[in-house]
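Report on one structure; see the data block that follows.
The values are calculated or read from the model by the stated rules, or taken from the named source; none is laboratory data. Everything numeric in this text was worked out from a predicted model, so none of it was measured. Note: ideal-geometry Cβ built from the backbone for every residue, glycine included; neighbour counts use all protein chains shown. When the accessible area is computed, the model is the full protein with side chains, heavy atoms only, and any ligands, DNA or RNA have been set aside. Shrake-Rupley method; radii C 1.70, N 1.55, O 1.52, S 1.80 Å.
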Amino acid sequence: MAMEMRLPVARKPLSETLGRDTKKHLVVPGDTITTDTGFMRGHGTYMGEEKLIASVAGSVERVNKLICVKALKTRYNGEVGDIVVGRITEVQQKRWKVDTNSRLDSVLLLSSMNLPGGELRRRSAEDELAMRGFLQEGDLISAEVQAVFSDGAVSLHTRSLKYGKLGQGVLVQVSPSLVKRQKTHFHDLPCGASVILGNNGFIWIYPTPEHKEEDAGGFIANLEPVSLADREVMSRLRNCVVSLVTQRMMLYDTSILYCYEASLPHQIKDILKPEVMEEIVLETRQRLLEQEG
């Protein structure tokens, strides 16, 4: 029986320029952030003995006079306009319940989605009876946050043709704090695969479609067999995302692409070895810093 044994390797010293400008003010619960009373108290903080104290573990963020602590590991807190990837958990009257990695299930109303074919009309009783034909339990969807209720629950919509039911691919779940906010969260990577970086920490990796299904209304999933080359690219991307998350690096199109290119000399299964993971993430971090200048 073949066995693989690995000995511990010495940690590579980081260059002095690496991370010089990326230092963050990290705190744990109970740490004093400031004793200056001129600041306003934000999320993740509380006042005690005329001091501003952290109530969660994370990085301190300041916007003018407002101080808040962004937790390093947290559930998703919805904001209007966010792109999310979610899984249908329940079909109810005129609505679907969706798991979006938040404290409460999100809601997708029947009136907040495109009908198949993209036709515009009032939703009828026939549409309500056919709801399970559109989306059923276990289906994955991409959507946009339409509203946030007072209790923190999120209302979704899929009125654009770029949203809707997801076909074949790989889902990776990460902490929402590691997904960088950008103008677009749909990326077609030059390696032959595409990613949807959900603000809620759900990353969807899928083969880049040859032609967009514009007339399907976003509810016809492509279930054709995926070629071996595409599956290998998707598996490599998935392992790269896991490597970046393990090393606490922000996820966006450039960091994922650089990590993918750094991993090419290694086999897909070797990417998750701790020493290989550290090596490719270090190379990715250096390339990103060189690009930022």
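The residues of segment 185-227 that are modelled with pLDDT of 90 or more and hydrophobic (A, V, I, L, M, F, W, C), listed by number, are 186, 189, 193, 195, 196, 197, 202, 203, 204, 205.
Selection of first residues in segment 221-232 that are β-branched (Val, Ile, Thr) and of second residues that are in a loop (DSSP other than H, G, I, E, B), restricted to Cβ pairs under 9 Å at least 6 apart or on distinct chains, gives the following pairs, ordered by first then second residue: 226/168; 226/169.
Beta carbons closer than 6 Å, at least 6 apart along the sequence or on distinct chains, pair a first residue in segment 263-292 that is more than 19 Å from residue 238 (Cβ to Cβ) with a second that is buried (at least 17 other Cβ atoms within 10 Å of the Cβ) for 287/258. Within the span defined as segment 36-57, one or more residues are more than 26 Å from residue 206 (Cα to Cα), open to solvent by 60 Å² or more (accessible area, probe 1.4 Å), in a strand (DSSP E or B) and of a type in the set (A, V, I, L, M, F, W, C). Within segment 52-78, the set of residues being without any contact (Cβ under 8 Å) to a residue 40 or more places away in the chain and hydrophobic (A, V, I, L, M, F, W, C) comprises 52, 53, 54, 56, 57, 60, 63, 66, 67, 68.
Look at segment 188-201: where a residue is free of Cβ contacts under 8 Å to residues at least 40 places away in the same chain and a partner is open to solvent by 30 Å² or more (accessible area, probe 1.4 Å), sitting 6+ places away or on another chain with Cβ atoms under 7 Å, you get 188/208; 194/188; 194/206; 194/208. Considering only residues that are in contact (Cβ under 8 Å) with a residue 24 or more places away in the chain, among the hydroxyl-bearing types (Ser, Thr, Tyr) and part of a strand (DSSP E or B), which ones fall in segment 79-128? Once the filter is applied, which keeps residues that are in contact (Cβ under 8 Å) with a residue 24 or more places away in the chain, among the hydroxyl-bearing types (Ser, Thr, Tyr) and part of a strand (DSSP E or B), segment 79-128 yields 89, 102, 106, 112.
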